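Let me begin by presenting the structure, written as structure tokens, before commenting on it.
The values are calculated or read from the model by the stated rules, or taken from the named source; none is laboratory data. Everything quoted here is computed from the prediction, not taken from an experiment. Here the Cβ positions follow ideal geometry from the backbone for every residue, glycine too, while neighbour counts run over all protein chains shown.
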Amino acid sequence: MNAFLEYAEKQKPAAVKARASARPKHGAPKRPKRSLAERDGMFSLWKLWRRERLEALLAGPHGTAAHELVTFLQAMTLTDETRLVEVVRAGG
């Protein structure tokens, strides 16, 4: 064993050693990883949900202002920050 690790082990307080020995060595059970197909399916469902919400927003009473904002956000660059504030304020 490494001499530094041995020295560090000797310097541990008794309370820390007791807690370490009381813990299970295997750790907490890990949740299974999702398969790529499951992840892709969840992502597709989220995109569908998001599209439905956007369509409902655009069809609602604030649809015109929302459409202007979405159009602006799609074309926005990093230098358009002041224009973004103007578009949001004008939207009502």
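Assorted remarks:
- Hey, ALA75 out of contact with any Ser or Thr (no Cβ under 8 Å at 6 or more places or on another chain) and at pLDDT 90 or above or not: yes
- Search result, residues across segment 19-50 that are modelled with pLDDT under 90, among the hydrophobic types (A, V, I, L, M, F, W, C) and surrounded by 10 or more Cβ atoms within 10 Å (Cβ to Cβ): ALA20
- ALA56 vs. criteria under 29 Å from ALA90 (Cα atoms), surrounded by 10 or more Cβ atoms within 10 Å (Cβ to Cβ) and at pLDDT 80 or above: yes
- Output for segment 44-70, where each listed residue is among the β-branched types (Val, Ile, Thr) and within 25 Å of the chain's Cα centre (by Cα): VAL70
- Output for segment 71-83, where each listed residue is surrounded by 13 or more Cβ atoms within 10 Å (Cβ to Cβ) and within 24 Å of the chain's Cα centre (by Cα): MET76
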